[in-house]
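Notes for the one structure printed next.
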Amino acid sequence: MVKIVVESLYFRYPEASDYALRNISFRIVEGESVAILGENGAGKTTLAKNLNGLLKPTEGSVKIDGVDTRNLSVAKIARKIGFVNHNPEHQFFAEKVEDEVRFGLRNFGFSEEAADKTIQEVLNVFGLEEYRGKNPFQLSGGEKKRLAIASIMAWRPEALIVDEPTIGMDYAQKLNIRRVLRSIVSEGRCVIVITHDVDFAASICERAIILSRGEVIGDGRLRDLLSDDKLVEKASLRKPFLIELEKETGLTGLEEDFDAISSTLVEVFQKCRS
Amino acid sequence: MAAVELRKLYFRYAGSEKPALTDIDLTIEEGESILITGPSGCGKSTLVRVLMGLIPHSYPGELKGEAYVFGMDVKNTPVSRIATRCGIVFQNPDNQLFTFSVEDDVAFGPENLALPPDEIGRRVDEALQLVGIEHLRHSSPNNLSGGEQQKAAIASILSMKPSLLIFDEPTSMLDPSSSASLIQRIFELKRSLDETGGKTTVIIVEHRIDLLLKHLSRIVVVSEGRVILDGDPLRVLEDSFRKKIPINIPPLLQIYFRVKDKCGLKNTPATVKELVSMLGGLPSNG
């Protein structure tokens, strides 16, 4: 299973005068669920692209299972670490939804039979079955996003990096994506989520890495970091709803299940009244 | 005159069997602040394309019924003419930025309106300031982060000073504090334009509702190409909750709608703290 080790990573875009990432070190191991959080322009996407070899460090190193990304092809890394771009259109080029999913599978040597089966599965999971023959560019914003994730998930990379997975998603789809990402984690694979949606992050990720102006300003348990008012403000974030509710009520271990939370509140309310 | 008037509107994209919009009746008066929301794929973006005249002029398909924007019939008004009154910030900023500097992108619209150079300069300054990206003036849009691109796209529309401002998921790429301040700025901008005698209409298409709620005059919920709810924001949200329409009802309201009857709550809480104090400040201290 995959292990990503980042050591003293500095990254500067060609022709840029300043570093986009400075002195970043951490490791991510199998089964981890990590949220990368931070203000606009903090370097989240740049960091993600360094983790999957789309960008190579200017200084320092990123190693995947012990091998420096400089010595690995992007394709080889992609087999292990899937990356879902925040703009799905950057990823699409097939003329049919099913071919978009098939492309990666073919490249990674799946037999046609195995590919057919996998395509069927992921299209079902992501509620895209009815669009099978449609042009990806004709899908709605939320559907494009789901297809982008589906077509990477299909070849079952050991780690999945998803950039802004909840954009354009309605509530039902968010729950769906959450379920899928959680199941990846429960299989012992790794999920790295780049997001501004702190509630979504809190419902999936145990760990958070918080960036600000290209540097890591927090790395640890997501719950602890996002309970820290100063850190939350410094990173232009917001406290997740459940953390705030726990703080205000003294309740603990709340899960994002509004029926359950509401019954608990009503119960306690009635106890107080009587 | 209404800013938007749609009557029995129907649209089906060429090559698609199902219509994207069916039987839409919707009137939006000048000066209103409207949220259009609904499950993904419900037809929100299609509706916006009609308001800009992009449907039928740029997207082939079958259009029936009537659609007027400030009295202009979108079917026979050129998009360029509609664009002098309506500005749209698209979901995906990449689709909107095309020059080599943020400043040029923001100046592009006013230049096409053939405004005098000092007026163009003033508008560019103002627009950059409104979204808080003066420091990116000379940057190339290509080198900006997703959120910064989104701000640049918004500035490039604000510089046109449109009377109908349409935002298609304006905060989707922004961090929580930029989102809050952008929404704040949009409505401050509307207020200041209104104070000088204008009447700016704002239509926001968005999945995230929490930040917008206090600014809205109405919420319109579209589902499977039809308007299924339209009215007072809070009422529409409560109806959506009861009817299990999968829109992103803010978590605080998710709980409020569930507990209000059982606990006899009369007012809508604006914060978690308020909700808890309505419930009697429990249970941490007892």
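Taken together, the values in this text are just the output of simple stated rules run on the coordinates, not laboratory data. Just so you know, these numbers come straight off a predicted model, no measurement behind them. With ideal geometry, Cβ positions are generated from the backbone for all residues, glycine too; neighbour counts draw on all protein chains shown.
Quick check: pseudo-label points 7 Å beyond the Cα along Cα→Cβ at B:S80 and B:Y10, how many nm apart are they?
3.3 nm
Pick from B:G132, B:G53, B:G15 the residue whose mean-square fluctuation is largest in a GNM of chain B, springs joining Cα atoms under 10 Å.
Of the options given, B:G15 has the highest mean-square fluctuation.
When the Karplus curve 6.51 cos²θ - 1.76 cosθ + 1.60 is applied with θ = phi - 60°, which whole-Hz ³J(HN,Hα) does each residue of the range A:212-220 get, with x for Gly and Pro?
8, 6, x, 10, 7, 10, x, 8, x
Let's test the formula: R0 of 35 Å, r as the Cβ-Cβ distance of B:S139 and A:R273. What FRET efficiency results, to the nearest 0.05?
E(calc), rounded to 0.05, equals 0.05.
For the residues A:T195, A:T252, A:T118, what sequence is obtained by ranking on other C-beta atoms within 10 Å, fewest first?
With the fewest neighbours first, A:T195, A:T252, A:T118 line up as A:T252, A:T118, A:T195.
Order these by the 10 Å Cβ neighbour count, fewest first: A:R146, B:R122.
Going from sparsest to densest Cβ surroundings: B:R122, A:R146.
Among rounded, prolate and oblate, which fits chain B when a ≥ b ≥ c are the square roots of the eigenvalues of its C-alpha gyration tensor, a/c under 1.5 means rounded, and a/b larger than b/c means prolate?
oblate
Taking H as built 1.01 Å from N, whose amide H comes closer than 5 Å to the amide H of A:M169, not counting residues under 5 places away?
Amide H neighbours of A:M169, under 5 Å, 5+ apart: none.
Taking θ = phi - 60°, what integer Hz values does the Karplus form 6.51 cos²θ - 1.76 cosθ + 1.60 yield along the range A:138-150, in sequence order, with x for Gly and Pro?
3J(HN,Hα) across the range A:138-150, in whole Hz: 8, 6, 6, x, x, 5, 4, 4, 5, 5, 4, 5, 4.
In whole percent, what relative contact order does chain B give with Cα contacts below 8 Å and a gap of six or more residues?
22 percent
Within 10 Å of each residue's Cβ, count the other Cβ atoms and sort A:F108, A:F92 from fewest upward.
Exposure proxy ranking, most exposed first: A:F108, A:F92.
Out of A:S111, A:S203, A:S227, any idea which swings most in a Gaussian network model of chain A, alpha carbons joined below 10 Å?
Judging by the Gaussian network model, the answer is A:S111.
Can you compute the FRET efficiency between A:S25 and A:S263 using 1/(1 + (r/R0)^6), with r the Cβ-Cβ distance and R0 = 41 Å? Round to the nearest 0.05.
About 0.40, to the nearest 0.05.
Treating only the Cβ of Lys, Arg, Asp and Glu as charged (+1, +1, -1, -1), what charge dipole size does the protein assembly as shown show about its Cα centre? Round to the nearest 20 debye.
The calculated dipole for the protein assembly as shown is roughly 740 debye.
Amide H of B:L21 versus every other amide H placed in the peptide plane: which residues, excluding those fewer than 5 positions away on the same chain, fall under 5 Å?
Here the answer is B:F11, since their amide H atoms fall under 5 Å of that of B:L21.
Give the span of the range A:52-184's Cα atoms along each principal axis, as three whole-Å numbers ordered largest to smallest.
45, 34, 27
Counting partner chain Cβ atoms within 10 Å of every residue's Cβ in B:202-210, what's the average?
For this peptide, the per-residue mean of nearby foreign Cβ atoms is 2.
Tabulate in residue order the Karplus-calculated ³J(HN,Hα) for the range A:243-250, using 6.51 cos²θ - 1.76 cosθ + 1.60 with θ = phi - 60°, rounded to whole Hz; enter x for Gly and Pro.
Here the 3J(HN,Hα) series is 5, 5, 5, 4, 5, 6, 9, x Hz.
R0 = 25 Å: FRET efficiency of A:I217 with B:Q184, Cβ-based, nearest 0.05?
0.50
For chain B, with a Gaussian network of springs between Cα atoms less than 10 Å apart, report the residue from B:S159, B:S45, B:S192 with the top mean-square fluctuation.
B:S192
According to the square roots a ≥ b ≥ c of the eigenvalues of the Cα gyration tensor, what is the shape class of the protein assembly as shown, taking rounded for a/c under 1.5, prolate for a/b larger than b/c otherwise, and oblate for the remainder?
rounded
Over chain A, what is the relative contact order in percent, taking alpha-carbon pairs closer than 8 angstrom and at least six residues apart?
23 percent
Could you tell me how far the Cα centroid of the range B:92-139 sits from the Cα centroid of the range A:93-153, in Å?
If you average the Cα positions of each part, the centres end up 39 Å apart.
Mind listing which GluC sites (Glu not before Pro) in the range A:87-136 are in a DSSP loop and have 15 or fewer other Cβ atoms within 10 Å?
When the GluC sites (Glu not before Pro) of the range A:87-136 are filtered for loop state and at most 15 Cβ neighbours within 10 Å, A:E95 remain.
Under a 5 Å amide H to amide H cut-off, with H placed in plane at 1.01 Å, what residues pair with A:L21 once short-range neighbours are removed?
A:F11
Once every DSSP H run of n ≥ 4 in the protein assembly as shown is given -39500 (n - 2.57) and the sum is divided by its residues, what mean residue ellipticity at 222 nm do you get, rounded to the nearest 500 deg cm²/dmol?
That calculation yields -11500 deg cm²/dmol at 222 nm.
Give me the count of lysine pairs in the range A:129-241 whose alpha carbons sit under 26 angstrom apart, restricted to pairs 8 or more positions apart or on different chains.
Final tally of qualifying lysine pairs is 8.
Evaluate peptide A:230-237: per residue, the Cβ atoms of other protein chains within 10 Å of its Cβ; return the mean as an integer.
Mean shielding by partner chains, rounded to a whole number: 2.
If a/c stays under 1.5 just call it rounded; otherwise compare a/b with b/c (prolate if a/b is bigger, oblate if not). Do that for the range A:8-67, with a ≥ b ≥ c from the square roots of the Cα gyration tensor eigenvalues.
Judged from the Cα gyration tensor, the range A:8-67 comes out oblate (a/c at least 1.5, b/c at or above a/b).
Among A:N50, A:A94, A:G66, which residue has its Cα furthest toward the positive end of the charge dipole of the range A:21-94, with +1 on Lys/Arg Cβ and -1 on Asp/Glu Cβ?
A:G66
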